[in-house]
Amino acid sequence: MRTSVRSVVFATLLLFPATVSAESVRCTSYSGTPGSSAETAGMVFIPGGAFRMGSDDQRPEERHAHSVRVDGFWIDEHEVTNAQFGDFVDATGYVTLAERGLDPRSRPSMPKLLLEPGAIVFVKPTALRPGARLSRWWQYVKGANWRHPEGPDSSIKDKDNHPVVHIAYEDAIAYAKWRGRSLPTESQWEFAALGGRDASEDWSRPFDKAGNPIANTWQGIFPILNTNDDGFETTAPVGCFPANGYGLSDMLGNVWEWTRDWYRRGHAREAARNPVGPALHLIKLAPGQAPQRVIKGGSYLCASNFCSRYRPSARQPQEVDLGAEHVGFRTVLNRPLKEAQK
Ligand SMILES: [Ca+2]
Ligand SMILES: [Ca+2]
């Protein structure tokens, strides 16, 4: 029996009632920078501990759940914002990969258009045809970059406190190095995203038991209908949703976040301490394919009918040289609590 879009939408509205508006949250007044030059400004110390990394109950790439122990580390309270990235660019003159374009030697088989400065932008289709492919709603837009998220005619005016996007992996690394930091490993990121809760808890809904959104995701039927119950159709200013048990915002949703680990489908079964993911030489790449790193947490484009990766154990590959409108990052400082300036 075919189910009409209308009936699915109605069921979705029953499941995810509207509860907040953008105006009702305090996030909108944040400047986008912590306002301090201290080494750990805007960071939270995560005490080390053990947890079950991965999941045997979700998607195949999350298997196998296994025991992991991580040492304590500092991590940004929120995704790196446009204001923070702008400070970096102002200080260093850094130009992102999306602004430079790709070196043809790095991608010999790639169409010329995709080598030009630009990035991929989500364009909501007006109708969903059976068999529609993902690429139908992602378009490579020349001139799209962190300053112009939707293309050359767009801007980040009044978005200082939004997460920076269209950041390739090397851009994220460059920012982190400038701050004397690094990017989280997947295990660090997943441990931090749990916020002290147990991995076995139900993480399947981006709403709490009272129906309040816990993350900026997509409500309705992706990719054609966003009922926008959480108040944000695209990125939200950082910190608009309740912080997790460690005081971290937007670990789930808003924008995907880079981790250092190379992507390989699934986890090893063996217990590990401070794992860093597989070595690149163990990963088979197709000719001309760029290697991929793990991104975590899902984004404002994740819906219950399509991505649903707004869970700590969820993971996705991202080509290291591809800027995207829904991918950002946050940094870590691998230093014990007592050795870092507070
Ligand atoms: Ca949203
Ligand atoms: Ca996020």
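Remarks
- Cβ-Cβ under 7 Å pairs, at least 6 apart or on other chains, the range 166-191 side touching a residue at least 24 places away in the same chain (Cβ under 8 Å), far side hydroxyl-bearing (Ser, Thr, Tyr) and in a helix (DSSP H, G or I): Trp178/Thr92
- Pairing each residue of the range 257-275 that is farther than 23 Å from Tyr175 by Cα with any residue that is among the acidic types (Asp, Glu) and crowded, with 18+ Cβ neighbours inside 10 Å, provided the two are 6+ apart or on different chains, yields C-beta distances under 7 Å for Arg265/Glu61; Gly266/Glu61.
- Cross-chain or 6+ apart pairs with Cβ under 8 Å, the range 217-232 first and free of Cβ contacts under 8 Å to residues at least 24 places away in the same chain, then part of a strand (DSSP E or B) and crowded, with 19+ Cβ neighbours inside 10 Å: Asn228/Gly220
- Candidates Ser204, Ser249, filtered to the one that is surrounded by fewer than 19 Cβ atoms within 10 Å (Cβ to Cβ) and either without any contact (Cβ under 8 Å) to a residue 40 or more places away in the chain or on the phi < 0 side of the Ramachandran plot (or both): Ser204
- Matching option when the condition is away from ligand 2 (no atom under 16 Å from the Cβ), assigned to a loop (DSSP other than H, G, I, E, B) and small (Gly, Ala, Ser), among Gly239, Gly288: Gly288
- Residue in the range 215-240 that is nearest to Cys307 (Cα to Cα), counting only those that are of a type outside the set (S, T, N, Q) and under 15 Å from the mean Cα position of the chain (by Cα): Trp218
- Residue in the range 187-207 that is under 30 Å from Thr126 (Cα atoms) and touching a Gly at 6+ places or on another chain (Cβ under 8 Å) present: yes
- Among residues of the range 67-116, those that are within 29 Å of Ser31 (Cβ to Cβ) and part of a loop (DSSP other than H, G, I, E, B), counted: 9
- Residues in the range 219-240 that are closer than 19 Å to Ile295 by Cβ, within 10 Å of ligand 1 (Cβ to nearest atom) and modelled with pLDDT under 95: 0 in all.
- Residue match in the range 297-309 (condition: outside any strand (DSSP E or B) and in contact with a helix residue (DSSP H, G or I) (Cβ under 6 Å, 6 or more places away or on another chain)): no
- All positions within the range 276-300 that are of a type in the set (Gly, Ala, Ser) and either free of Cβ contacts under 8 Å to residues at least 40 places away in the same chain or within 16 Å of ligand 1 (Cβ to nearest atom) (or both): Ala279, Ala286, Gly297, Gly298, Ser299
Okay, residues lined up against (1) over 22 Å from Leu301 (Cβ atoms); (2) polar (S, T, N, Q); (3) assigned to a loop (DSSP other than H, G, I, E, B):
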| residue | (1), (2), (3) |
| --- | --- |
| Tyr140 | no, no, no |
| Ala193 | no, no, no |
| Arg197 | yes, no, yes |
| Leu252 | no, no, yes |
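- Scope the range 162-183; condition away from ligand 1 (no atom under 16 Å from the Cβ) and either among the aliphatic types (A, V, I, L, M) or within 17 Å of Thr234 (Cα to Cα) (or both); matching residues: Val164, His166, Ile167, Ala168, Ala172, Ile173, Ala174, Ala176, Leu183
- Asn216 being within 16 Å of ligand 1 (Cβ to nearest atom) and either of a type in the set (A, V, I, L, M) or surrounded by 24 or more Cβ atoms within 10 Å (Cβ to Cβ) (or both): yes
- Single condition Asn274 does not satisfy, out of (1) away from ligand 2 (no atom under 16 Å from the Cβ); (2) within 19 Å of the chain's Cα centre (by Cα); (3) at pLDDT 95 or above: (2)
- Residue satisfying condition, being at pLDDT 95 or above and either under 23 Å from Pro223 (Cα atoms) or within 25 Å of the chain's Cα centre (by Cα) (or both), within set Glu116, Glu150: Glu150
Table: residues versus (1) at pLDDT 95 or above; (2) farther than 23 Å from Phe329 by Cβ; (3) among the β-branched types (Val, Ile, Thr).
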residue	(1), (2), (3)
Pro47	yes, no, no
Phe51	yes, no, no
Pro60	yes, yes, no
Ile75	yes, no, yes
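- Subset of the range 312-342 that is farther than 30 Å from Asp103 by Cα and modelled with pLDDT of 95 or more - its residue that is surrounded by the fewest Cβ atoms within 10 Å (Cβ to Cβ): Asn334
The values are calculated or read from the model by the stated rules, or taken from the named source; none is laboratory data. Here the structure is a predicted model, which is why all the values come from computation and not from measurement. Quick reminder, even Gly has a Cβ in these numbers, built from the backbone with ideal geometry, and neighbours come from all protein chains shown.
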